[in-house]
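Notes follow the structure.
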Amino acid sequence: MSNLILRRGQDFQMTIKLEHTFDTKKDKLRLQFVTGKEPKQTKKTLLKVPVVERLDPTEWGAVIESTQASPGGGVELDVRVMSASDAVVGLYSLYVEIRLSEDENENTDDTLQRYKHPGDIYILFNAWCQDDAVYLASEAERQEYVLNETGRVYVGSARSICGRPWNFGQFEKACFKAAIYLLEKCSLRTEALGNPTLVTRALAAMANSNDNDGGVLTGNWTGQYSGGRSPCTWNGSVKILEEYMISHREVKFGQCWVFSGLLTTLCRTVGLPARSVTNFESAHDSDHSMTIDNHVNWDGKPLKHLDDSIWNFHVWNEAWFKRHDLPSGNDGWQAFDATPQESSEGRMRCGPASVNSVRDGNIYLPHDTKFIFAEVNGDRIIWMMKPDGDLVAVDSQPKCVGSFISTKAVGSNERADITANYKHPEGSAEERQVVKKVSQHSSRCRALETFYKIKKSHDVSFSCESTTAKNGDVTLVLTAKNASSEPRHVTVVMCATARYYTGVPGEELDEKSMELDLEPGEQKDAKWFYEAVSFVCQLDEDAAIGIYVTALIKETEQVFTTQKVIDFDKPDLELEVSSNRVKVAEQFDLVVRFTNPFDFTLKTCVLNVEGPGIQDDLNIPLHRSIKPGEMMSQKVRLTPKFRGKREIIANFHSERLVGITGSVVVDVV
């Protein structure tokens, strides 16, 4: 036995070779498993494993199954060992003690022999063990959430959801070494490393480099990535962790889907059932108001610098385990997040929060349930700043955040919608009751209480729709209908800015205003049109267009606001292999194709290809531009290293267009 990787609560067999005889009735065998820098029996980091008659997965134990003469003399003991289902996760050393008992009539002392096994033993969480806190009953889910090396991370917008392939690669050497290294480096005491609540919280902190704690990945949302890689160019976690383990310094750069993919890898590596989860229209409540606050001035212009942001999407993680620290009903999926947004107990991390507690509005339960609740289920409140500087709530929009919460389906690459896990149906009595209960904990609770009690009279209805042509041209239509018996005068203000997917506005692109006079029962449209070529060169590579629309009704002081995110409908890469059935160590060809659908030329084009068991991250500069309507075709020669179903992932990026992905599955025999 050399290095050995085990799941806790799992038995394994070892053979102990002795140069002398061993009497199972008189002589004594004892095994010691030691972990951590200061091992102690009281902390379950020094385990003196007894020989027992029967193994129990809840306790450490050993059974001598047989003894036989060794061919070279002496005796061999076949021993089966069981680790406890709550054992500390990480690196162990093994010591073997043999105490030989002499003839009792000679009245001699026992003789003790002690041997340290030179190999390392690693113990992981065990989703197959019913007594482990991470036990997952479904074999299909265990295959997906513990063993699947590739998956999907959902990005885009609620209007255009894209499943981005990701190579988790949890069985690669670099990933395993990194996960164990981070557990040893994190702030947890060794005895706490058997607790999945504390381990996920620690890994979430160590996945980012914000706390000067030697974490892995540096976040960057500026659009400028000199000194590192654009987040859009990563295909998976393996290359990130390889770079990290070479230098033990932070890797540059990541954004939320990269942090989530990385954290999924770390969790699956140590045995935690984990998945990446995407929330579209994801709110960031910066002032603990439990609402998403937008502000306009008396003239209807948005005060963007005061607003909470609504991300086009945000990706976090879930892991499956029991919450012994919470009331009953909170076991199962737990949400946690490595993307550095807000500090939690002095570290950049979030969670784990029980998904059930988020759904039911129990925001006082640990950890960071309040923050996650606001991401998925807060009302948007429109605040108007009066000329004297006072703020007054003038409108609410209850259905604007937390939509299409998505994860990869079990056993397929389809999208599974898990919104119902996080929130009751929008507009239902249960959902409204939860939101109002939570608003009592708001930092603006008095103003909100007054606002919710006031019956709002809105006699002009609005709808706003946008369409994007294949070439990127944008049309926006605001429709206003006067349902009152009196004329209404409407002032419409539209402000278009560059907008990052985090909801943060960038450079202002355009501003327009329009006046509409509506007779009783009359309906009118306000339209705007933008050509892609007029604004695409003003956008950073991962930015979209944010259009802020505000309408003020003069007679009633009714306010309507909405935000529209305009992003490109990105095509997929087409991947084709010479054969879907290939042999280990034999080369085969992959062809990657892409047609430029836009009216502008793509420059500085690069292709990245990788796949677990087939190809490490391969960077291929294309050394040419791709004109409008032109097709790019690139042949790549690959050599598989391991058998099994293997997914190859490709990623195309250029100066103005990034995040074009595709994948293909091959059967390696």
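Can you work out ³J(HN,Hα) from phi for every residue in the stretch 610-615, in order, using Karplus 6.51 cos²θ - 1.76 cosθ + 1.60 and θ = phi - 60°, giving whole Hz and x for Gly and Pro?
Karplus-based 3J(HN,Hα) across the stretch 610-615 equals 7, x, x, x, 10, 8 Hz.
Give the cross-link partners of residue 437 among the lysines, using a straight C-alpha distance below 16 Å as the criterion and excluding same-chain residues fewer than 8 apart.
370, 423, 453
At what distance in angstrom do the alpha carbon centres of the stretch 233-251 and the stretch 143-187 lie from each other?
13
With the radius of gyration and the Kirkwood radius both derived from the Cα set of the stretch 574-668, what is their ratio Rg to Rh?
Ratio of gyration radius to Kirkwood radius: 1.01.
At most 15 other Cβ atoms within 10 Å and a DSSP loop assignment: could you name the trypsin sites (Lys or Arg not before Pro) in the stretch 1-87 that fit?
Answer by residue number: 25, 26, 37, 40, 54.
Going Cα to Cα from residue 37, which aspartates and glutamates come in below 17 Å? Please leave out same-chain ones fewer than 8 positions away.
Those aspartates and glutamates meeting the cut-off are 120, 184, 191.
Assuming a viscosity of 0.890 mPa s and a temperature of 25 °C, what translational diffusion coefficient in µm² per second does Stokes-Einstein assign to the stretch 140-439, Rh being the Kirkwood radius over Cα pairs?
Calculated translational D: 125 µm²/s.
Calculate the dipole size of the chain relative to its Cα centre from +1 charges on Lys and Arg beta carbons and -1 charges on Asp and Glu beta carbons; express the result in debye to the nearest 20.
560
Taking just the alpha-carbon atoms of the stretch 492-537, what radius of gyration and Dmax come out, in angstrom?
Looking at the stretch 492-537, its Cα Rg and Dmax stand at 14.5, 44 Å.
So which lysines pass the test for residue 481, namely a Cα distance under 22 Å, with those fewer than 8 places away in the same chain ruled out?
List returned: 301, 399, 455, 456, 512, 524, 527, 554, 564.
Note down, for the stretch 28-141, the three equivalent ellipsoid semi-axes (square root of 5 times each alpha carbon gyration tensor eigenvalue), biggest first, whole angstrom.
Semi-axis lengths for the stretch 28-141 are 31, 17, 14 Å.
For the stretch 588-669, give the magnitude of the charge dipole about the Cα centre (Cβ charges: +1 Lys/Arg, -1 Asp/Glu; no others), in debye to the nearest 20.
Dipole magnitude for the stretch 588-669 comes out near 160 debye.
Could you work out the relative contact order of the chain? I mean the mean sequence separation of Cα pairs under 8 Å and 6+ apart, divided by the number of residues, in percent.
Normalised by residue count, the contact order of the chain is 10 percent.
Can you sort 291, 419, 475, 550 from fewest to most other Cβ atoms within 10 Å of each residue's own Cβ?
Least crowded to most crowded, the residues run 475, 419, 550, 291.
Run the dipole for the stretch 33-95 about the Cα centre, Lys and Arg Cβ at +1, Asp and Glu Cβ at -1, nothing else charged, and hand back the magnitude in debye, nearest 20.
360
Tell me which residues come under 5 Å, amide H to amide H, from residue 293 once H is placed; ignore anything under 5 positions away on its chain.
Long-range HN contacts for residue 293: 308, 381.
List the residues whose amide H sits under 5 Å from the amide H of residue 500, counting only those 5 or more places along or on another chain, with H placed 1.01 Å from N in the peptide plane.
506, 544
Restrict the search to the stretch 326-399; then list the GluC sites (Glu not before Pro) that DSSP places in a loop and that have at most 13 other Cβ atoms within 10 Å of their Cβ.
345
Determine the equivalent ellipsoid of the chain by diagonalising the alpha-carbon gyration tensor, then write out the semi-axes as square roots of 5 times the eigenvalues, largest first, rounded to whole Å.
56, 31, 18
Can you list the chymotrypsin sites (Phe, Trp or Tyr not before Pro) in the stretch 356-391 that are in a DSSP coil and have 12 or fewer other beta carbons within 10 angstrom?
Sites meeting the loop and neighbour criteria: 364.
What are the extents of the Cα atoms of the stretch 457-566 along their three principal axes, in Å, largest first?
Dimensions of the stretch 457-566 along the principal axes of its Cα atoms: 49, 25, 17 Å.
So who's got an amide H within less than 5 Å of the one on residue 254, skipping anything under 5 residues away but keeping other chains? H placed 1.01 Å off N, in plane.
Those qualifying (amide H under 5 Å, at least 5 residues apart or on another chain) are 218, 219, 220.
Could you list 153, 435, 34 so that the one with the fewest beta carbons within 10 Å of its beta carbon is first and the one with the most is last?
Ranked by crowding around the Cβ, least crowded first: 34, 435, 153.
Only the coordinates and a few stated rules stand behind these numbers; no lab work does. Just so you know, these numbers come straight off a predicted model, no measurement behind them. Backbone-built Cβ (ideal geometry, glycine too); neighbour counts: all protein chains shown.
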